[in-house]
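Values quoted throughout were computed directly from the atomic coordinates according to the rules given, and no laboratory measurement underlies them. Predicted model, so just to flag it, every value in this text is computed and none were measured. Glycine gets a Cβ as well: all are built from the backbone with ideal geometry, and neighbour counts include every protein chain shown.
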Amino acid sequence: MPRVAYATVLLLLATSCSFVLDGSRHEGSSPPDAGPGGMDASGGDGGGVDAGPQPILKEQFCEELAAVFCDGEMNCCTSARPRADCIFAAESRCTAEFAPAALDMRTGYDPDVARQVVDEGRALAAACDEEGALRWAVYRVVDVFTGTTPGGAQCETALLPDPILLLSCVGTNVCRLIGSFWVRQCLPRAAMGERCYEAPDCEPGLYCAPTPEPAHCAPALADGEVCRTSYDCASLFCTGSDAGRQCEAVTEDGMFCSLAGE
């Protein structure tokens with residue numbers, strides 16, 4: 001269920017050089033502390049069958065996501081911060097920007113999907129897969145929000161939209177402007193040639209081209225072409241100054257290390 005972030009809570013995922021948070025440590029993913037005589041804290045003998053990956057509760061998600069981010073920084077960057085500094089910064093940012101959405105019932109946070117998303121991020125960080133990690137950041141992390149507003153229903157009417165409501169659509173739908181008085185509906189992503197109003201309206205691999213009018217979904221831009229946002233680019237990486245932004249390939253320092261602020 002790819003769902004792209006529209007607002008503050010997930011701008012971390014798609015700015016020109018900052019894309020996500022991350023995670024790996026939480027209470028459910030590590031065994032209980034051993035007690036006297038080899039007994040674990042739950043009273044067992046520590047020799048039971050492994051229950052497998054545990055769901056990630058919404059209160060634990062920022063800790064988990066921060067650890068993925070910092071695993072990538074430690075493994076992949078030529079100059080990484082001390083891990084404790086990375087964890088503190090990533091977890092603090094997630095708590096401020098992401099946690100409010102996770103804690104709000106309207107977004108439909110799913111603990112099982114969160115476990116899948118984090119495990120995928122861990123694998124990408126371990127492999128230093130910069131391109132895969134960027135796509136994971138932009139299109140996959142928000143899958144933890146399964147939504148509560150059905151397709152076709154109105155999801156927001158304010159000029160300055162509530163990030164929570166923008167993440168409230170069920171399934172593959174996104175909260176899209178419909179062209180009048182800032183009304184938004186939960187609708188499928190726009191296909192090739194269809195009308196669009198904002199960068200994340202289009203299906204993956206497409207972008208909202210402003211010309212020729214009206215704005216419409218067109219093939220994403222190649223490296224070297226002028227871009228406005230990272231959604232414009234096939235590489236999902238738009239960088240440079242306002243006077244000369246262009247699409248670039250994701251390099252060794254293009255994902256985890258730019259998140260680190262290098």
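Table for the structure above
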read-out	value
Antiparallel content of DSSP bridges confined to the stretch 133-203, in %, to 5	75 percent
Ranked 168, 79, criterion: other C-beta atoms within 10 Å, fewest first	79, 168
Normalised contact order of the stretch 87-192, rounded percent, pairs of Cα under 8 Å and 6 or more residues apart	24 percent
Virtual spin-label span in nm between residue 242 and residue 131, 7 Å along Cα→Cβ	3.3 nm
Residue 228-residue 183 FRET efficiency (beta carbon distance; Förster radius 22 Å; 0.05 resolution)	0.35
For residue 155, residues with placed amide H under 5 Å, excluding near neighbours	184, 185, 186
Fewest-first ranking of 178, 87, using other Cβ atoms within 10 Å as the exposure measure	178, 87
Net charge over other residues, Cβ less than 15 angstrom from the Cβ of residue 193 (K, R count +1; D, E count -1)	-2
Order of 83, 106 - criterion: other Cβ atoms within 10 Å of each residue's Cβ, fewest first	83, 106
Amide H partners (placed H, <5 Å) of residue 194, local residues excluded	217
